[in-house]
Amino acid sequence: MSIKLFADSASDLPLSFFQENDVQLIPLQVHIDQDEYKDLLTIQPKKVYEEIRAGKMPKTSQVSPQLFEELFTNLAKSGESGIYIAFSSELSGTYQTAVMIREQVLEEYPDLDLTIIDSKCASLGYGLTVISAVEQLKSGVSKEDLIHIITFQCGHMEHLFTVEDLDFLARGGRLSRASAFLGGLLNIKPLLHVEEGKLVPIEKIRGKKKLIKRILDVMEERGADLSNQTIGISHGDDEETALEVKKMIEERFGTKNFSVNIIGSVIAAHAGPGTLAIFFLNKKQA
């Protein structure tokens, strides 16, 4: 039985990836003024960064229930098996909505074979699990084994990131306003990570060079076999810094494989320009 993969736009993979690998894109929604866009389909990240720099405050919303119903019904009718790797349930209601709609579709189509996995990941941390799933699928693994591999990667994916302006995270409810105010007041940059799907500050560091060095130190402390895994680097429309960090990781750990991409529209609306994020596994898969 063939397996259909689903992933949403918070994975921060380019549209070309979904098209070339037959992965069903599930777009979250972006709102600017009175206009509504489908992430990656009717708006691209660069547009969101332009609007933010022009003083606009884009908002986002989860995937519509109607789209889930359409996609899951089509899957049931096709007779294919499906796996939907979803954006962290701690950062969006998308996962919960997908589970609810699957139950509704099952009432009419009891043979629907769809596994929904809460990745507890975001951006390219999430994206790397989708890339790995595609590679495993092409190698012919069973659905059971594929679910095991995806679950392992999601459970061991480290997210290290920093933002230029903590107010973005505070406005979106991803960080307390007190923490944001303190960081801005002292011109201190935060180092954050994801813990059980939630954004959690690790420490605050003064100065960009010290911050990047600290990120590499934490990578060394937590990473498993960094020279032989794919490292993800996503950036808030600052490719120059992302490539500088890529070079530093290459020199320090001997890493050869990278996935470097701009942070997508939905996460950009909450993190803002200048965000830098690094993703890697903290345990080697057997």
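The values are calculated or read from the model by the stated rules, or taken from the named source; none is laboratory data. What you see is a predicted model, and the numbers here were worked out from it, not measured in a lab. Cβ coordinates were reconstructed from backbone atoms using ideal geometry, including for glycine residues, and neighbour counts include every protein chain displayed. For accessibility, only protein heavy atoms count, side chains too; no ligands or nucleic acids. Shrake-Rupley method; radii C 1.70, N 1.55, O 1.52, S 1.80 Å.
A compact table of results
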read-out: Residue in segment 104-113 that is open to solvent by less than 60 Å² (accessible area, probe 1.4 Å), closer than 23 Å to Val194 by Cα, touching a helix residue (DSSP H, G or I) at 6+ places or on another chain (Cβ under 9 Å) and outside any strand (DSSP E or B) present; value: no
read-out: Tally of residues being closer than 16 Å to Ile263 by Cα and either free of Cβ contacts under 8 Å to residues at least 60 places away in the same chain or among the charged types (D, E, K, R) (or both) across segment 1-17; value: 4
read-out: Lone qualifier among Glu240, Glu221, Glu203, Glu250 - being closer than 24 Å to Gly55 by Cα and over 19 Å from the mean Cα position of the chain (by Cα); value: Glu240
read-out: Filtered residue count, segment 132-159, keeping only those that are under 12 Å from the mean Cα position of the chain (by Cα) and either over 25 Å from Ala268 (Cβ atoms) or hydrophobic (A, V, I, L, M, F, W, C) (or both); value: 2
read-out: Matching option when the condition is more than 30 Å from His31 (Cβ to Cβ), under 18 Å from the mean Cα position of the chain (by Cα), in contact (Cβ under 8 Å) with a residue 24 or more places away in the chain and open to solvent by less than 20 Å² (accessible area, probe 1.4 Å), among Ile231, Ile263; value: Ile231
read-out: Residue check, Lys198 touching a His at 6+ places or on another chain (Cβ under 9 Å), of a type outside the set (Gly, Ala, Ser) and modelled with pLDDT under 95; value: no
read-out: Among (1) closer than 26 Å to Leu199 by Cα; (2) open to solvent by less than 20 Å² (accessible area, probe 1.4 Å); (3) hydrophobic (A, V, I, L, M, F, W, C); (4) assigned to a helix (DSSP H, G or I) - the single one Met100 does not satisfy; value: (2)
read-out: Test for Leu124: is it in contact with a helix residue (DSSP H, G or I) (Cβ under 8 Å, 6 or more places away or on another chain), closer than 19 Å to Phe280 by Cβ and at pLDDT below 85; value: no
read-out: Which listed residue is in contact with an Asp or Glu (Cβ under 8 Å, 6 or more places away or on another chain) and surrounded by fewer than 21 Cβ atoms within 10 Å (Cβ to Cβ), from Lys208, Lys284, Lys246; value: Lys284
read-out: Per-region count, segment 156-167, residues at pLDDT below 95 and either open to solvent by 20 Å² or more (accessible area, probe 1.4 Å) or farther than 19 Å from Ser88 by Cβ (or both); value: 5
read-out: Top-ranked residue of segment 215-268 - restricted to ones that are among the basic types (Lys, Arg) and in a helix (DSSP H, G or I), ranked as nearest to Thr94 (Cα to Cα); value: Arg222
read-out: Filtered residues of segment 14-37 (kept if of a type in the set (A, V, I, L, M) and farther than 28 Å from Lys77 by Cα); value: Val30, Ile32
read-out: Filter result (surrounded by fewer than 16 Cβ atoms within 10 Å (Cβ to Cβ) and polar (S, T, N, Q)) within segment 40-49; value: Thr42
read-out: Answer residue from segment 120-143, given it is in contact (Cβ under 8 Å) with a residue 40 or more places away in the chain and assigned to a loop (DSSP other than H, G, I, E, B) and is surrounded by the fewest Cβ atoms within 10 Å (Cβ to Cβ) among those; value: Lys120
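Residues checked against (1) at pLDDT 95 or above; (2) open to solvent by less than 60 Å² (accessible area, probe 1.4 Å); (3) in a helix (DSSP H, G or I):
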residue	(1), (2), (3)
Lys4	yes, yes, no
Ile52	no, yes, yes
Val63	no, yes, no
Ala76	yes, yes, yes
Leu91	no, yes, no
Gln96	yes, no, yes
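Okay, residues lined up against (1) open to solvent by less than 70 Å² (accessible area, probe 1.4 Å); (2) touching a strand residue (DSSP E or B) at 6+ places or on another chain (Cβ under 9 Å); (3) part of a helix (DSSP H, G or I):
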| position | (1), (2), (3) |
| --- | --- |
| Ala10 | yes, yes, yes |
| Phe18 | yes, yes, yes |
| His31 | yes, yes, no |
| Lys38 | no, yes, no |
| Met57 | no, yes, no |
| Thr60 | yes, yes, no |
| Phe68 | yes, yes, yes |
